[in-house]
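Report on the structure given below.
The values are calculated or read from the model by the stated rules, or taken from the named source; none is laboratory data. Everything numeric in this text was worked out from a predicted model, so none of it was measured. Note: ideal-geometry Cβ built from the backbone for every residue, glycine included; neighbour counts use all protein chains shown. These area figures cover heavy atoms from the full protein model, side chains too; ligands, DNA and RNA do not enter into them. Shrake-Rupley method; radii C 1.70, N 1.55, O 1.52, S 1.80 Å.
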Amino acid sequence: MVGVLALQGAFAEHERMLAELGQDCVELRDADDLARPFDRLVLPGGESTVQGKLLRELGMLAPLRERIAAGMPTLGTCAGLILLARDVDGGQPCLATMPVRVVRNAYGRQLGSFHARATLSGVGEVPMSFIRAPYVSQVYPGAQVLARVGERVVAVRAGSQLGLAFHPELDGDTRIHELFLSL
Amino acid sequence: MAAGESRDEGRDAKEADARRDGAGRTTREQRAALNRQLAQMLKGGVIMDVTTPEQARVAQDAGACAVMALERIPADIRAAGGVSRMSDPAMIRGIQQAVSIPVMAKCRIGHFVEAQVLQAIDIDFIDESEVLSPADDVFHIDKSRFDVPFVCGARDLGEALRRIAEGASMIRTKGEPGTGDVVQAVSHMRLINQQIRHVVSLRDDELFEEAKRLQVPVELVRRVHDEGRLPVVNFAAGGVATPADAALMMQLGAEGVFVGSGIFKSGDPAKRARAIVGAVTDYDDPERVAALSENLGEAMVGINADEIELLMANRGR
């Protein structure tokens with residue numbers, strides 16, 4: 001069972017991708033939901049400031065951090081990557097379980113949003129939609145680069161955590177979710 | 001200069017970074033998809049009207065997923081009367097510098113030069129809004145010619161699909177802005193969803209007549225028929241003043257909420273803003289909405305939508 005953080009943002013899109021792969025999901029909206037049975041976690045796109053604030057207020061931050069640190073497979077996309085990052089330029093670290101530094105709104109405002117295709121290590125070439133996206137500016141020991149677009153690191157893995165600056169839930173390609181389910 | 005030309009220059013500048021990074025040029029179809037997808041990222045969130053950088057920071061700290069920068073909130077526009085226009089770009093820039101969340105701004109219906117100006121200052125989303133005085137009483141902006149996304153108001157499915165055909169990336173109910181009276185937003189949301197259910201129930205060969213009746217392209221009617229929803233994200237707007245109002249709109253099928261006058265016309269804006277954000281996240285949990293509704297102080301002084309002379313929702317069809 002996959003727990004999908006459902007505080008704000010594009011969580012339904014992840015649920016649709018996972019349903020296509022035959023996975024059941026449980027929506028995590030408050031601390032009580034963390035007692036429901038799930039052994040994988042998706043942190044969706046949305047506004048990282050909103051999601052981070054609600055995680056703290058609702059008392060979900062510490063229990064989720066503990067479970068991610070203990071090795072629960074976790075997929076963070078865009079805002080989700082920002083929540084996972086240990087250091088955040090232009091924002092507050094939140095879960096801080098992934099040894100990377102990210103830059104928020106790194107490509108600028110919406111006019112800087114773009115679409116690309118690039119190779120993701122172990123998966124092949126995938127479509128990538130970057131929407132007011134971050135990128136990874138530093139990869140600390142313990143994390144490995146999975147993909148770059150040009151010079152910028154846009155996908156990383158640290159243990160069983162996957163962090164992506166783009167949105168695999170939007171472009172109809174399930175391979176990244178399959179990779180996540182194989183962790 | 002045609003709208004298209006000025007835009008391409010803007011796009012070239014904005015994409016220089018991405019191209020340097022090997023991303024290649026984003027096509028018009030991809031740009032339109034990215035704009036609809038930005039709206040998807042706002043789902044489950046609250047977009048708040050703000051008039052100063054300080055208010056913008058209050059909104060961001062309270063958990064707004066975006067802010068709408070404008071010189072006067074709808075309640076004050078309503079009180080002041082006269083012609084209301086796009087805000088001063090310097091004022092909008094001040095708000096862009098104050099927060100890291102997306103910043104939206106309003107242009108008048110049909111005023112494509114105000115929209116060009118807003119695109120030129122790198123706005124994240126344009127609201128072609130009936131809250132301002134319409135600049136054109138027939139034509140809306142051809143939004144498909146812009147690189148920035150647009151959100152437009154709608155009272156029914158025909159209006160929503162006409163705006164989408166013109167290139168809108170997001171729809172919101174019109175409601176009745178600046179009143180604190182949620183009745184119009186409720187009726188618009190109910191009507192749009194009733195009409196969607198009706199379209200879903202039709203036979204394939206009945207869609208042509210439905211498209212004629214709604215005055216929209218049949219392709220869009222077919223998408224609604226096949227998918228059972230609008231092709232873009234649909235928010236509630238116009239009269240939301242309390243956490244319960246926000247949760248009501250979510251339970252009626254809104255994917256997020258705009259709050260205009262309801263926050264900064266109330267007694268304790270920061271607290272009310274946090275409460276409305278919480279109610280949109282947990283809209284299906286009455287105990288939580290109850291807790292969030294406690295001790296919020298004065299709500300905005302409402303104006304009964306039946307008693308006002310100017311119905312903004314009648315602007316732009």
Checking A:Arg109 against (1) at the interface with another protein chain (Cβ under 8 Å from one of its Cβ atoms); (2) within 14 Å of the chain's Cα centre (by Cα); (3) not β-branched (Val, Ile, Thr): exactly one of these is not met. Which one? (2)
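Kindly provide the set of residues from the range A:116-146 that are more than 14 Å from every other protein chain (Cβ to nearest Cβ), open to solvent by 10 Å² or more (accessible area, probe 1.4 Å) and at pLDDT 95 or above, ordered by number. Don't jump to the end; show me each part of the working.
Step one: of the range A:116-146, the residues more than 14 Å from every other protein chain (Cβ to nearest Cβ) are A:120-124, A:138-146.
Next, only the ones that are open to solvent by 10 Å² or more (accessible area, probe 1.4 Å) stay: A:121-124, A:138-146.
The answer is A:Ser121, A:Val123, A:Gly124, A:Gln138, A:Val139, A:Tyr140, A:Pro141, A:Gly142, A:Ala143, A:Gln144, A:Val145, A:Leu146.
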Which residue is modelled with the highest pLDDT, if the candidates are limited to the range B:39-76 and must be touching a Lys or Arg at 6+ places or on another chain (Cβ under 7 Å) and either assigned to a helix (DSSP H, G or I) or within 23 Å of A:Val154 (Cβ to Cβ) (or both)? B:Ala62
For the condition farther than 25 Å from A:Glu57 by Cβ, under 19 Å from the mean Cα position of the chain (by Cα), part of a helix (DSSP H, G or I) and away from every other protein chain (no Cβ under 12 Å), what is the one hit in B:Ala115, B:Ala90, B:Ala79? B:Ala115
Residues of the range B:31-72 that turn out to be in contact with an Asp or Glu (Cβ under 8 Å, 6 or more places away or on another chain), away from chain A (no Cβ under 14 Å) and open to solvent by less than 10 Å² (accessible area, probe 1.4 Å), as a count: 2
One residue from A:Val154, A:Val149 being closer than 30 Å to B:Ile126 by Cα, within 14 Å of the chain's Cα centre (by Cα) and within 11 Å of chain B (Cβ to nearest Cβ): A:Val154
Restrict the check to the range B:286-294 and report whether at least one residue is open to solvent by 30 Å² or more (accessible area, probe 1.4 Å) and farther than 19 Å from A:Leu58 by Cβ. no
Positions within the range B:79-107 being closer than 19 Å to B:Ile263 by Cα and in contact with a Ser or Thr (Cβ under 8 Å, 6 or more places away or on another chain), in sequence order: B:Ile95, B:Ile101, B:Ala105, B:Lys106
If I ask for residues that are without any contact (Cβ under 8 Å) to a residue 60 or more places away in the chain and buried (at least 20 other Cβ atoms within 10 Å of the Cβ), which ones from the range A:57-90 would you list? A:Leu58, A:Met60, A:Leu64, A:Ile82, A:Leu83, A:Val88
Give the residues of the range A:1-30 that are over 17 Å from the mean Cα position of the chain (by Cα) and either more than 11 Å from chain B (Cβ to nearest Cβ) or hydroxyl-bearing (Ser, Thr, Tyr) (or both), sorted by residue number. A:Met1, A:Ala19, A:Glu20, A:Leu21, A:Gly22, A:Gln23, A:Asp24
Inside the range B:158-173, the number of residues satisfying the requirement of being more than 18 Å from B:Ala66 (Cα to Cα) and of a type in the set (Lys, Arg) is 2
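Consider B:Gly158 carefully, then state whether it is farther than 25 Å from B:Ala75 by Cβ and away from chain A (no Cβ under 14 Å). Working first, answer last.
On the way: farther than 25 Å from B:Ala75 by Cβ: yes; away from chain A (no Cβ under 14 Å): yes.
Yes, satisfied.
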